[in-house]
Amino acid sequence: MTHDGDAGVPGALARVLADVAAERAAQDAMWGMQILPDGTGDEGTVAESDRARRETEAAAAGGALTWRHILAEEVLEAFAETDPERLRAELIQVAAVAVKWTQALDRRPLPRPSSALHRALEPADHPQPPASTQAHALGQTSVSGATSRQRFRAIVDVHVLLLRDIRGIGDAHGTHVLLGRRHGTGYGDGLWHLPSGHLEAGESVTEAAVREVGEELGVRIDPADLAFAHVMHRAPERVGLFFTARKWTGEPYNAEPDKCSELAWWPLAELPRDMIDYPAAAIANVLDQVPFALHEWSTNH
């Protein structure tokens with residue numbers, strides 16, 4: 001029996017790995033490429049590893065096994081290793097368990113937001129500082145010792161519907177939209193998607209939309225020719241802004257072949273079935289002139 005790592009939720013593994021890749025890039029941007037000793041194999045680490053293994057086995061036998069048991073065992077086994085090849089293998093196991101645990105969290109119904117949850121959902125482009133400075137990063141401490149509540153910060157992305165053969169936005173049969181098939185990105189690879197990307201520091205959302213279209217399709221759009229069409233809040237931290245464009249300079253082409261395998265114009269009424277779900281839902285909302293929607297939020301909210 002083969003497994004794709006998605007645990008029954010298509011795209012689950014790619015989503016977590018994309019978040020890991022973004023976090024790694026953010027760490028390099030903040031701290032640079034760090035050359036440090038391993039620091040493993042100290043006296044007592046083998047005993048700690050053995051103790052963690054016994055605790056995991058006992059918890060499993062007693063029906064009380066948790067993700068903490070499994071990850072702690074893998075981490076402590078890595079701490080006890082000194083051979084570089086075996087250490088690498090142990091670290092890969094640590095990473096795999098952490099990813100699997102994250103996927104398990106993603107499958108659960110989301111709890112109501114709390115200050116602790118808000119801190120946990122800080123965007124990936126703000127990596128955690130060293131432990132000695134984490135108290136400052138998590139909030140100011142009052143005279144009474146209570147920690148102030150952090151404001152939630154969303155990750156904003158922009159999407160552009162390039163439209164041609166337009167017979168009115170409500171005519172889904174006549175109007176075509178340009179889509180690209182993702183490739184080699186770690187998220188939604190093999191699926192169709194709109195030209196899109198994250199809002200960067202110091203950009204307006206229209207500047208971001210113009211930049212992304214230029215990078216992906218090699219065309220220039222005047223910001224004045226972008227029309228706001230829809231906003232979607234995707235659980236738990238993503239806010240997507242969707243714009244339409246009916247005019248641009250240049251002929252669209254695949255300007256990022258390392259991230260896109262092909263481009264195609266699709267009738268709005270006949271979008272491909274193998275399309276990422278949320279842009280497909282957003283396009284449907286644009287056609288129905290629905291200005292706002294929630295996506296993948298638990299019905300328990």
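Values quoted throughout were computed directly from the atomic coordinates according to the rules given, and no laboratory measurement underlies them. Since the model is a prediction, treat every value here as computed from it, not as a measurement. A quick note on method: Cβ atoms are made from the backbone with ideal geometry, for glycine too, and the neighbour counts reach across all protein chains shown.
When each of F243, F152, F79, F292 is scored by the number of other beta-carbon atoms lying within 10 Å, the sequence from fewest to most is F292, F152, F79, F243.
Rounded to the nearest 0.05, the FRET efficiency derived from the C-beta distance between A60 and A29 at R0 = 35 Å is 0.30. Footprinting exposure proxy ranking of D157, D277, fewest other C-beta atoms within 10 angstrom first, gives D277, D157. Here the range 14-39 and the range 56-70 have alpha carbon centers that stand 30 Å from each other.
Exposure proxy shown here: for F242, F228, the number of other Cβ atoms within 10 Å sets the order, fewest to most, as F228, F242. Between R246 and A154, full extension at 0.36 nm per residue minus the direct alpha carbon distance yields a gain of 30.2 nm.
For the range 12-108, rounded, prolate or oblate, judged on the Cα gyration tensor with a ≥ b ≥ c (square roots of eigenvalues), a/c < 1.5 rounded, else prolate if a/b > b/c? In terms of gyration-tensor shape, oblate.
With bins 10 Å wide beginning at 0, the percent of Cα pairs of the range 188-301 falling in each bin runs 12, 41, 39, 6, 1.
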